[in-house]
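The values are calculated or read from the model by the stated rules, or taken from the named source; none is laboratory data. None of the values given here were measured: they were computed from a predicted structure. Please note: Cβ atoms are built from the backbone with ideal geometry, for glycine as well, and neighbour counts cover all protein chains shown. We work out accessible area using only protein heavy atoms, side chains counted, and drop any ligands, DNA or RNA first. Shrake-Rupley method; radii C 1.70, N 1.55, O 1.52, S 1.80 Å.
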Amino acid sequence: YRSRHESLIAVSNAEFYENKLVIFPAAGVDSDAAGISLTLLPQALYDRGRTRTNKGEAQAVARAVVEHAGRTPHLSLGVAAFSVAQRDLIEVEVEMLRRQNTDVDAFFTAHPNEPFFVKNLENIQGDERDVMFISIGYGRNESGKIAKAFGPLNRDGGHRRLNVLITRAKLAMRVFSNFKADELELDSGAKHGVRALKN
């Protein structure tokens, strides 16, 4: 009911709803309905051993938040990270950039009914925003390998959390990742949540 672009429900439709979802016929008319996109950050590495964060990705998300606040302040925005550690780092990076770009401050109080947020995957529930940024955080590490650990998605029921997450956006969803789907090799025992993420 909230999707205004076909691509925003395509994965959930295929993975969880047997392709029974349809969007309203008028959907996609809105010039801001950009659907789903990927911001690929191959140099931003997941620090699996120490901080369990992806600093480069957090910085890219923070820059995108400030750009959004400056260019499209009329659209509400939410940011979701796959882990609490990544969420916390994004909050720090956004705060640092806000101090350097005080001209965009008005945006952060401009949507009282849909205020800006940064949340982790497990806290996204019932939220909807015009635009969602998703920071996967996990992925390629210093050794160049893509770890197949994706936090809550590796647990039973992880696919439900992913479904909730990827259906929050009304107009656009931008995914930040350091790998592409075809680089994620899964075996037959991979959890539904991880397979859905790849798709």
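How high is the relative contact order of the chain, given as a whole-number percent (alpha carbon pairs under 8 Å, six or more residues apart)?
30
If the elastic network links every pair of Cα atoms under 10 Å, which of Leu21, Leu89, Leu171 fluctuates the most in the Gaussian network model of the chain?
Most flexible of the set in this elastic network: Leu21.
Find, among the trypsin sites (Lys or Arg not before Pro) in the stretch 111-154, those assigned to loop by DSSP (not H, G, I, E, B) with at most 16 other beta-carbon atoms within 10 angstrom.
Listed in order of number, the matching sites are Lys145, Lys148.
Would you mind telling me the share, in percent, of accessible area of the chain contributed by carbon and sulfur at probe 1.4 angstrom?
C and S atoms contribute 49 percent here.
Quick one: pull the percentage of alpha-carbon pairs in the chain with a separation above 32 Å.
13
Roughly how many Å² is the accessible area per residue of the chain, as a whole number, for a 1.4 Å probe?
Value returned for the chain: 50 Å² of accessible area per residue.
For the stretch 27-112, what relative contact order do you get, as a whole percent, if you take Cα pairs closer than 8 Å and at least 6 residues apart?
28
Would you calculate, for the chain, the mean residue ellipticity at 222 nm contributed by helices, counting each DSSP H stretch of 4 or more residues as -39,500 (n - 2.57) and dividing by all residues, to the nearest 500?
The per-residue figure over the chain is -9000 deg cm²/dmol.
Using Stokes-Einstein with the Kirkwood hydrodynamic radius over Cα pairs, what translational diffusion coefficient do you get for the stretch 108-199 at 10 °C and a viscosity of 1.306 mPa s, in µm²/s rounded to a whole number?
Stokes-Einstein gives a translational diffusion coefficient of 110 µm²/s.
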